Amino acid sequence: MPKKYHIHPKAAPLDLEYVFKFKIVRGENCINCGKCTKVCIYEAHKRRKDDPRRMADPNTVVCRNCFRCIQECPRGALEKSLEKDFAGIGGDFWKPDMLLSLWKQAEDGKVPVSGAGYRGPFTGTGFDSMWTDMSEIVRPTRDGIHGREYISTSVDLGRRLNHLVFDAEGRLVSEVPDTVDLPIPILFESPTADLSANVKEALVKAAAEIGTCIIMPAADMTPEFTEYSDSIIPCLAPAEIDTHRAVIEKARLVAIEHSDALMSDLPQVKEEIRKISHALIIIRVPAGKDVEETVLRLVHSGAEIIHIVADYCGREINGLPGSERLLKDIIRAVHLRLVEDRIRDEVTLIASGGIAMAEHVPKAMLCGADLTALDIPLMIALGARLYEKPEKQLIFPEGLAKIPVPIVTQRMVNLMGAWHSQILEVMGAMGIREARRLRGESGRAIFFEEVDRDTFGKLFGKNREAVSK
Ligand code: SF4
Ligand code: SF4
């Protein structure tokens with residue numbers, strides 16, 4: 001059995017200004033009886049450290065909106081109201097509630113619960129239009145976070161052989177390609193925003209702590225990061241290979257930005273890198289209109305790992321505004337094109353852009369990705385707000401640059417701990433014990449558009465006439 005993988009969350013409060021959905025105010029009529037400290041299981045109410053006779057201000061961060069303290073206060077001293085500025089953070093894709101949920105997960109690494117039931121819609125666009133088949137959910141004691149049976153979230157990066165060849169004496173003849181094993185199907189990406197030194201350092205340290213890697217520009221690999229070389233994937237253009245020899249020498253994986261010239265130059269680029277190290281090469285391909293054909297040609301030219309990069313909301317790059325394909329459909333199209341050409345196992349697919357919640361990871365894998373990459377959720381874990389209009393803008397809270405690196409690191413680790421737990425829950429409920437088995441298992445997912453077509457298509461869709469004849 002593989003060594004049990006576990007992420008260790010630890011409370012890491014960030015003492016910075018943040019807008020929450022609700023605010024709880026303790027009124028003047030509070031008699032400091034302390035009843036609210038007992039009824040709130042999330043410890044939002046505590047006594048003041050400097051004067052335990054009096055109550056401290058309520059901690060809105062940990063509140064799960066159950067309203068119990070409001071109902072049980074003997075003096076009606078607690079008031080919970082909607083924060084008017086809350087609706088202004090986030091946008092159409094990165095919704096304010098999503099930002100708040102990520103922030104809370106970063107706070108303590110716990111799986112988010114609403115405490116008041118889910119009252120939102122049951123379908124939407126992109127990953128919200130697919131559901132996972134949770135028919136094995138009846139066995140919570142065997143599976144999931146607290147189950148007895150181990151669920152592995154490990155994935156491999158690299159080319160896999162379709163079959164092995166042995167000689168007459170039973171010796172392996174096939175040359176088994178190198179792979180890199182990661183304990184979680186998530187890579188970090190360094191965001192394009194201006195990052196303070198502590199955030200940059202924390203990104204690398206958090207990736208190392210949870211056993212994954214971070215894709216970052218090779219030029220950003222300063223000497224203090226050398227000890228983390230195993231966890232860093234330097235990203236560069238083919239023309240920069242010579243400039244970054246020292247970095248490539250120590251790397252397990254190297255990322256190369258795709259360009260038209262790379263299609264013909266790939267064997268030469270691979271050779272140049274091979275002369276420096278045995279690092280596996282990731283080719284980052286923008287998720288444009290013809291991405292499936294581009295990926296197909298790259299795999300036929302010898303690409304072993306492809307990273308499909310959609311925009312920050314998971315949309316096709318340079319698509320027609322409003323009718324861009326979304327990441328879910330892009331991954332499915334690429335995966336099925338590779339299956340059709342019988343070369344799917346020859347390449348690892350990484351998908352990124354719009355991976356905003358834990359559930360998006362298994363959903364992306366069910367669509368055909370081997371693993372995912374993310375950047376923005378790690379920044380939201382640090383209190384960043386993301387405005388989508390008039391254009392993408394990531395705003396960091398004032399004072400973040402002064403927060404010690406261990407706290408910043410722990411918040412990212414916490415977020416990943418919460419996501420790991422949620423991935424385990426989804427896999428346990430699906431009866432899948434190996435994350436590798438999620439890849440392309442679209443039969444274990446339900447797609448809204450397919451249900452809609454099968455149920456109503458014959459009555460209201462294009463096939464209506466055929467039925468009426
Ligand atoms: S229960 Fe009400 S009165 Fe008692 S300490 Fe809490 S807020 Fe104050
Ligand atoms: S509403 Fe519920 S979770 Fe929030 S502070 Fe009150 S008792 Fe705690």
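The values are calculated or read from the model by the stated rules, or taken from the named source; none is laboratory data. Computed from a predicted structure; not experimentally measured. Counting neighbours? That spans all protein chains shown, and the Cβs are built from the backbone with ideal geometry, glycine included. Surface areas here come from the heavy atoms of the whole protein model, side chains and all, with no ligands, DNA or RNA. Shrake-Rupley method; radii C 1.70, N 1.55, O 1.52, S 1.80 Å.
The set of residues from segment 44-57 being within 9 Å of ligand 2 (Cβ to nearest atom) and either among the hydrophobic types (A, V, I, L, M, F, W, C) or outside any loop (DSSP other than H, G, I, E, B) (or both) comprises just one member, Ala44. Scan (1) modelled with pLDDT under 95; (2) aliphatic (A, V, I, L, M); (3) under 30 Å from Glu293 (Cα atoms); (4) surrounded by 21 or more Cβ atoms within 10 Å (Cβ to Cβ) for the single condition Val254 breaks and write down its number. Condition not satisfied by Val254: (1).
Taking the numbered list (1) out of contact with any Leu (no Cβ under 6 Å at 6 or more places or on another chain); (2) closer than 25 Å to Ser129 by Cα; (3) surrounded by fewer than 24 Cβ atoms within 10 Å (Cβ to Cβ) in turn, Arg342 passes all entries but (2).
If a residue must be assigned to a loop (DSSP other than H, G, I, E, B) and buried (at least 19 other Cβ atoms within 10 Å of the Cβ), how many such residues does segment 289-307 contain?
Our first condition is that a residue be assigned to a loop (DSSP other than H, G, I, E, B); within segment 289-307, this holds for 289-290, 301-304.
Imposing the further condition that a residue be buried (at least 19 other Cβ atoms within 10 Å of the Cβ) reduces the set to 303-304.
Qualifying residue count for the region: 2.
The residue that is farthest from ligand 2 (Cβ to nearest atom), counting only those in segment 9-20 that are touching a helix residue (DSSP H, G or I) at 6+ places or on another chain (Cβ under 7 Å) and not hydrophobic (A, V, I, L, M, F, W, C), is Lys10.
The C-beta contact set for segment 58-76 (first residue part of a helix (DSSP H, G or I), second residue near ligand 2 (Cβ under 9 Å from one of its atoms) and open to solvent by 50 Å² or more (accessible area, probe 1.4 Å), distance under 6 angstrom, 6+ apart or interchain) comprises Val62/Tyr42.
Grab the helices (runs of 4 or more DSSP H) fully contained in segment 322-441, keeping just those with 1 or more residues being more than 27 Å from Arg159 (Cβ to Cβ) and among the aromatic types (Phe, Trp, Tyr).
Counting at least 1 such residues, we get 405-430.
Matching residues to (1) over 22 Å from the mean Cα position of the chain (by Cα); (2) within 30 Å of Ser229 (Cα to Cα):
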residue	(1), (2)
Ser264	yes, yes
Lys270	yes, yes
Lys289	yes, no
Ile330	no, no
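Looking at segment 168-205, which of the residues that are aliphatic (A, V, I, L, M) and assigned to a loop (DSSP other than H, G, I, E, B) is surrounded by the fewest Cβ atoms within 10 Å (Cβ to Cβ)? The residue in question is Ala168.
Reported count of residues in segment 21-43, each being open to solvent by less than 70 Å² (accessible area, probe 1.4 Å) and within 11 Å of ligand 2 (Cβ to nearest atom), is 7. Mind listing whichever residues of segment 44-62 are within 11 Å of ligand 1 (Cβ to nearest atom) and open to solvent by less than 80 Å² (accessible area, probe 1.4 Å)? Within segment 44-62, Ala44, His45, Met55, Ala56, Pro58 meet the criteria. Just one residue in the set Ser264, Ser259 is of a type in the set (Gly, Ala, Ser), over 17 Å from Gly354 (Cα atoms), in a loop (DSSP other than H, G, I, E, B) and in the same structural domain as Glu340 (by TED's automatic domain parsing); that residue is Ser259.
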